[in-house]
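The values are calculated or read from the model by the stated rules, or taken from the named source; none is laboratory data. The model shown is predicted, which means the values in this text are computed figures rather than measured ones. Here the Cβ positions follow ideal geometry from the backbone for every residue, glycine too, while neighbour counts run over all protein chains shown. We work out accessible area using only protein heavy atoms, side chains counted, and drop any ligands, DNA or RNA first. Shrake-Rupley method; radii C 1.70, N 1.55, O 1.52, S 1.80 Å.
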Amino acid sequence: MPTFTFDRLALAVSVLTPKLIRLRYARNGKFAKRRAWAVTKDDSEFAPTQSDVNETSQEIIINTNAISIHIQRDTSKIHFTDSQNKIFCADDARPSVTSVTKSVAKSVATGEHFYGFGERTYSSLERSGCIYTHWATDTAVPHTPDVDRMYVAIPIYFSVRPNLAYAVYFNNTYRSQFDVGYTDPNQIRFSAHGGEIDYYVFYGPTPREVNEGIAQLLGTHPLPPRWALGYHQSRWGYKSDQEIRQLAKEFRKREIPCDVIHFDIDYMDGYRVFTWHPTRFKNPKKLIADLRRDGFRAVTIIDPGVKADKKYFVYQEGLKKNYFIKKRNGKVFHGYVWPDDSVFADFTRDEVRVWWGELQKHLTDKGVSGIWNDMNEPAVFSKPFSAGVGNTGTIDLDAKQSETTHAEAHNVFGYNMARASYEGLRKLLPDERAFTLTRSGFAGMQKFSAGWSGDNHAWWEHLETSLPQACNMGLSGVSFFGADIGGFNEDASPELFARWMQVGSLYPFARGHSHTDSIYQEPWRFGERVEKICRDYLRLRYRLLPYLYSLFYESSQHGTPIWRPMFYHYPNDERTYHLHDQVMIGDSILAAPIYKANCDRRVVYLPQGEWFDYWTDEKIAGATHITARAPLEVMPLYVRAGAVIPSGPDLNYADEKPLSPLTLDVYAGEGEFTLYEDDGHTFGYERGEYALTRLENKDSRLKIHKREGNHAPPSRKIIIRPHGMERKETVEVEDDGAPIEIHF
Ligand code: MIG
């Protein structure tokens, strides 16, 4: 690792891979030993990479086999160049590192566009012209465009211009900011209230490769259990055993697919985490076993606030073991949350995370399959409930956490809580992939959890916001993400609910949820017409599970987002750079949702190449803008020419039936897809128990390559449906894993 010193400011450049570079600055030439919170690997854990250093009178140049890093001798400014000598990520000023603030300014290149920034409000995809604060916050106001801080803080920006994509991760957990051309349109400045200037640059040149780099450093979502890709039903206000049973019954009676029921805070005894309400949930084990027999999994909410109640075992244990966060004066920090007077575990400590993880036994012993971690920004109210609901704040910034203070640990509170939860579940359920959901998080949270966008409203604006929000979360590394379908606060109208379910049925994380003060928002609450729309779209999701599950596999391997903005696949088409309202789901499916009331058509942009209308099979040549017809029953969907889309039978829940028959929709053109299969819920896949089948579509021929891996799907038929080919009729073949070739 070459280190350079300029006027006592030391700069360390680490070439971790040819496309992943770390830059770290220290005052007075000394690099403090410090804890990295979110990255998976220290510099020393990367395999050695070839790079050479060239020195000229003006510059020091470090060359990797993909890019060059240039350091100006006189100014110490840095810039990068690609193999075409195009400059990117160039310092606009000398980095400033004072004892209080740290900042780096980069110049914005012509045509450069900015994405990522984690979870944000606002219905734009491209995010120039604003300041983004990274400070995990329970955004207790509606998520309107002016809201800056959200529950999740991810200091990553993703830059795209033709032929050149890269990202920057600011490796600093203090409150920080990206000023993206707000103060100076030609500058992107990142700064923090503490810590170091320490950032990583991920070079593409394609967006996909940028995400691969982010995955190498910050991790990927482990493969979820297949059931977690099903529909989740939630509501704050399912208050009893009977109510949950009735809910489950309705889904099956109405044949609306559903896999998961979420238990919000009312299942607990006085909001004491890891307990059950003694009368309303008398026998949770029996309830959950009965649900399981009908194909439902149970996910329970957990809040970080532990009720300060001398008779409560979690409080007693935590006090005795000294696990709760303490104020600067050495006394345990108390704050008000749902259980009223509460204390908070210090999740930065290994032993505390282990303890918390094991506490989940009180839930898994009853059959719970997953944990929903809420309020973990952490949100702390300013006064007891008896005095009304106070403002939402957080833990004192000078409270102690491990070797540091809450000021540094705040942004990773949710991250570390999710980690405690995930790692605990892995131990408690050693052969069951568990599901975890978290409201707060930091860069790299995907290693432990899925996320959702918190308390949105039943507003058209929030249906719209969810599109760029999910895409930007995917670019930031978090692809298992969704918004509360129907909207959490306030009441969805039937039309809004139908439209939201259409798009929500294809969210990576698909959950309907609502506030205890709003109307019930289950799919059948809005009349028959809307119920049918919900059933049809959820069935579509379930038929597409083989496709979606394969995308989740790819994401677990390479960090590839499930939902992608259009530019992800068309990075040289500048018409895609601001396209916030249509998404690619995997390589092949384009969804163009309706997000306005009284609307039965919309403009859709189909980039270069050929497309097929999913519903009518009409072939459309891109690049073009079309007007798509979209009566209430229709969400416009398109398929890229050359696609092979695997699908399965209609299901009431993900593991109701094996994938048989397997259907392959093959669209004229050239393309391929790799189908991933396994048992859906154990860790066998980590030991090679999975099957990969490469499906290659070229020259009016489909090649189903020899199945690879140790998992054997059932013997089954493959139904092959050609689209846009000369041959129109469906072909059926027997599948025994051997290669097959079909001519159309
Ligand atoms: O202060 O548990 O975002 O999904 O239903 C509200 C009750 C606490 C906030 C979560 C929401 C959940 C609610 N929680």
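Look at segment 48-63: where a residue is within 14 Å of I78 (Cα to Cα) and a partner is surrounded by 12 or more Cβ atoms within 10 Å (Cβ to Cβ) and small (G, A, S), sitting 6+ places away or on another chain with Cβ atoms under 8 Å, you get I61/S68; I62/S51; I62/S68; N63/S51. Within the set A10, A36, the sole residue that is open to solvent by 20 Å² or more (accessible area, probe 1.4 Å) and farther than 21 Å from A66 by Cα turns out to be A36. Of the conditions (1) more than 16 Å from the ligand (Cβ to nearest atom); (2) open to solvent by less than 10 Å² (accessible area, probe 1.4 Å); (3) closer than 30 Å to R34 by Cβ, V314 clears all except one; give me its number. So V314 meets the others, but not (3). All of D290, D341, D309, D303 fail the test of being assigned by TED's automatic domain parsing to the domain that holds R439, on the phi < 0 side of the Ramachandran plot, more than 16 Å from the ligand (Cβ to nearest atom) and in contact with a Phe, Trp or Tyr (Cβ under 7 Å, 6 or more places away or on another chain), apart from D309. Tell me whether segment 387-406 contains one or more residues that are part of a helix (DSSP H, G or I) and buried (at least 17 other Cβ atoms within 10 Å of the Cβ). Yes, some residue in segment 387-406 is part of a helix (DSSP H, G or I) and buried (at least 17 other Cβ atoms within 10 Å of the Cβ). Please specify each residue of segment 222-257 satisfying the condition of being of a type in the set (F, W, Y) and either closer than 30 Å to Y685 by Cα or modelled with pLDDT under 95 (or both). If the condition is that a residue be of a type in the set (F, W, Y) and either closer than 30 Å to Y685 by Cα or modelled with pLDDT under 95 (or both), then W227, Y231 are the ones that fit.
Applying the condition of being outside any strand (DSSP E or B) and in contact with a Pro (Cβ under 8 Å, 6 or more places away or on another chain) to segment 146-163 and asking which residue is farthest from L217 (Cα to Cα) yields P162.
Hey, among the residues in segment 292-311 that are aliphatic (A, V, I, L, M) and free of Cβ contacts under 8 Å to residues at least 60 places away in the same chain, which one's most open to solvent (accessible area, probe 1.4 Å)? The residue in question is A308. The number of residues in segment 96-109 that are open to solvent by 10 Å² or more (accessible area, probe 1.4 Å) and touching a strand residue (DSSP E or B) at 6+ places or on another chain (Cβ under 8 Å) comes to 8. Residue count for segment 489-524, restricted to those that are buried (at least 19 other Cβ atoms within 10 Å of the Cβ), touching a helix residue (DSSP H, G or I) at 6+ places or on another chain (Cβ under 6 Å) and part of a loop (DSSP other than H, G, I, E, B): 3.
Tallying residues that are open to solvent by 10 Å² or more (accessible area, probe 1.4 Å) and within 30 Å of P304 (Cβ to Cβ) within segment 144-172 yields 6. Within segment 665-682, is even one residue hydrophobic (A, V, I, L, M, F, W, C), closer than 26 Å to M501 by Cα, over 25 Å from the mean Cα position of the chain (by Cα) and open to solvent by less than 40 Å² (accessible area, probe 1.4 Å)? No; the residues of segment 665-682 include none that is hydrophobic (A, V, I, L, M, F, W, C), closer than 26 Å to M501 by Cα, over 25 Å from the mean Cα position of the chain (by Cα) and open to solvent by less than 40 Å² (accessible area, probe 1.4 Å). L223 fulfils the conditions (1) surrounded by fewer than 24 Cβ atoms within 10 Å (Cβ to Cβ); (2) touching a Gly at 6+ places or on another chain (Cβ under 6 Å) except for a single criterion, (2). Residues that are away from the ligand (no atom under 16 Å from the Cβ) and among the aromatic types (F, W, Y) within segment 219-251 comprise W227, Y231, F251, listed in sequence order.
In segment 436-475, the residue that is nearest to the ligand (Cβ to nearest atom) out of those that are in a loop (DSSP other than H, G, I, E, B) and open to solvent by 10 Å² or more (accessible area, probe 1.4 Å) is D455.
Every listed requirement among (1) within 16 Å of the ligand (Cβ to nearest atom); (2) over 26 Å from D581 (Cβ atoms) is met by Y169 save one, (1).
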